[in-house]
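One structure below.
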Amino acid sequence: MLPRLRRRSILRSAGIAFALPVFESGRGATANDSATPDIRRMLAINSPLGIHTPHLFPKTAGRDYEVTRYLEPLQHLREKFTVISGLMHPDVDGGHSAEKSFLTGAPHPGQPSFQNTISVDQLAAEQIGYKTRFASLTLAADRSSLSYTRSGVQIPAESRPSKLFAKLFLDGSDAEKAAHMRRIEDGQSIMDLVLDQTHRVARRAGRADIRTLDQYMTSVRDLEKRLVSAEQWAQRPKPKVDREPPDDITDRANFTGRMQLMYDLIFLALQSDSTRLITLAGPGGNEVVSLNGVDDGWHNLSHHGRDPGKIEMLAIIELEEIRLFGELLQKLEDVHEGEHSLLDQTAILLGSNLGNASSHSNQNLPIIAAGGHFRHGQHLAFDPADSPPLCNLLVSYLHHLGLETDTFASGESTLLGFVRVD
């Protein structure tokens, strides 16, 4: 293997500069570290089959909104969340295909020529990901993913709680740790070969190839940074938690149990400061969920066609979805870092790429913004005929993380009326 200095020198000669991870207090931050009381985080959750908005959105705007059926399970935390109506992603269409653009805002995801862009969590990970063992966590209840690289490549999601727990908290045997280090070193050796080949290709590349080469080199830079960070974190013991490793629930109908497991691990990942950026692609197949009163498949119910019986069964599922979300918010609220709760430190987005799942509409998206350093306790209502982009809310979330950018995708400012309180 070539010396590390040579590998990094090659990167600099190719015009790629990066900073090595600097661990806070020389040992990495922890959730209870009094020297780092202001640790900002973000969690984004997508419900791929939508949320029935007549049961979610209040009829009146402002702080004195009436409590709707879906907001009832969250009222004990009323001052910790905002329900937002009237948002959309401009030019994001295609029904279910719009899930690919939920955190990127990339237009026309249903077209054959679609090329995705970076998701908001990965943009943040480029700036703050080095501060934790895992720059970000990409999770899924089933098999999807909300996270995309700068080149628009989908990041595979982890859907098995047992594997996620091991990744977060189990150090493994000495042999397993040695094997892990060998994989890192093998990756560094491959980097040397890749960079040498890239230089040879670059000398022969024409103008039409420059954009492709730039995207490739961006990926190379990201990989190099991850390898350097992984090498340093591999020398540090993982945090210990007071919980036994979970057993995976393979019965997809057990929606409650599966989501509770995933939310438990999300809470532990945030509390242990293993990561500060998490995305979760929620469940949404056609299984008949094991809840009293439900005897039809979830996907079929989402295409209710205004049938009252189907809407009622759908409401049973979605009420449970929001109740479980409320449990997660309460757990985060009950843990404090200095003068703030863990919920105050975590900007959370629960929503969907479908405003009306029955008609596959991608307008007037159901959005609940919770936690973070924002003034909550309101229904923030926008005119669906003059919708601000959802990406304006994502810009607000980037500001919460300390990333003072004015734009992200279609967002050109923070969201009007969604006030940050630092």
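Taking the residues in the stretch 253-270 that are aromatic (Phe, Trp, Tyr) and in contact with an Asp or Glu (Cβ under 8 Å, 6 or more places away or on another chain) as candidates, determine which candidate is surrounded by the fewest Cβ atoms within 10 Å (Cβ to Cβ). Within the stretch 253-270, the match that is surrounded by the fewest Cβ atoms within 10 Å (Cβ to Cβ) is Tyr263.
Look at the stretch 130-149: where a residue is in a helix (DSSP H, G or I) and a partner is of a type in the set (D, E, K, R), sitting 6+ places away or on another chain with Cβ atoms under 8 Å, you get Tyr130/Lys225; Lys131/Glu24; Lys131/Arg276. Every listed requirement among (1) aliphatic (A, V, I, L, M); (2) closer than 27 Å to Asp93 by Cα; (3) in contact (Cβ under 8 Å) with a residue 40 or more places away in the chain; (4) outside any strand (DSSP E or B) is met by Ala369 save one, (4).
Just for the stretch 72-128: of the residues that are among the hydroxyl-bearing types (Ser, Thr, Tyr) and either in a loop (DSSP other than H, G, I, E, B) or at pLDDT below 95 (or both), which one is surrounded by the fewest Cβ atoms within 10 Å (Cβ to Cβ)? Steps first, answer last, please.
Going residue by residue through the stretch 72-128, those that are among the hydroxyl-bearing types (Ser, Thr, Tyr) are 82, 85, 97, 101, 104, 113, 117, 119.
This time we only want the ones that are either in a loop (DSSP other than H, G, I, E, B) or at pLDDT below 95 (or both), so: 104, 113, 117, 119.
Values: Thr104: 27, Ser113: 5, Thr117: 18, Ser119: 33.
Ranking the qualifying residues of the stretch 72-128, first place goes to Ser113.
Which pairs have Cβ atoms under 8 Å, sit 6 or more apart or on different chains, and link a residue in the stretch 96-108 that is within 15 Å of Thr279 (Cβ to Cβ) and touching a residue at least 12 places away in the same chain (Cβ under 8 Å) to one that is of a type in the set (Asp, Glu) and assigned to a helix (DSSP H, G or I)? Between residues of the stretch 96-108 that are within 15 Å of Thr279 (Cβ to Cβ) and touching a residue at least 12 places away in the same chain (Cβ under 8 Å) and residues that are of a type in the set (Asp, Glu) and assigned to a helix (DSSP H, G or I), the close pairs are Leu103/Asp121.
Please indicate, with yes or no, whether at least one residue in the stretch 349-357 is assigned to a helix (DSSP H, G or I) and under 25 Å from Phe255 (Cα atoms). Lay out the reasoning, then the answer.
Within the stretch 349-357, the subset assigned to a helix (DSSP H, G or I) is 357.
Then keep just the ones that are under 25 Å from Phe255 (Cα atoms); that gives 357.
Within the stretch 349-357, one or more residues are assigned to a helix (DSSP H, G or I) and under 25 Å from Phe255 (Cα atoms).
Of all residues in the stretch 51-76, those satisfying the criterion of being over 24 Å from Asp307 (Cα atoms) and touching a Gly at 6+ places or on another chain (Cβ under 7 Å) are Arg63, Pro73, Leu74.
Leu415 passes every criterion in (1) buried (at least 21 other Cβ atoms within 10 Å of the Cβ); (2) aliphatic (A, V, I, L, M); (3) in the same structural domain as Ser274 (by TED's automatic domain parsing) apart from (3). A Cβ distance below 7 Å, combined with a sequence gap of six or more or placement on separate chains, defines the contacts here; from the stretch 285-310, residues that are touching a residue at least 60 places away in the same chain (Cβ under 8 Å) reach residues that are surrounded by fewer than 16 Cβ atoms within 10 Å (Cβ to Cβ) and part of a helix (DSSP H, G or I) in the pairs Gly285/His299.
The values are calculated or read from the model by the stated rules, or taken from the named source; none is laboratory data. Keep in mind that what you see is a predicted model, and the values were worked out from it rather than measured. Here Cβ is always computed from backbone atoms with ideal geometry, including for glycine, and neighbour counts include all displayed protein chains.
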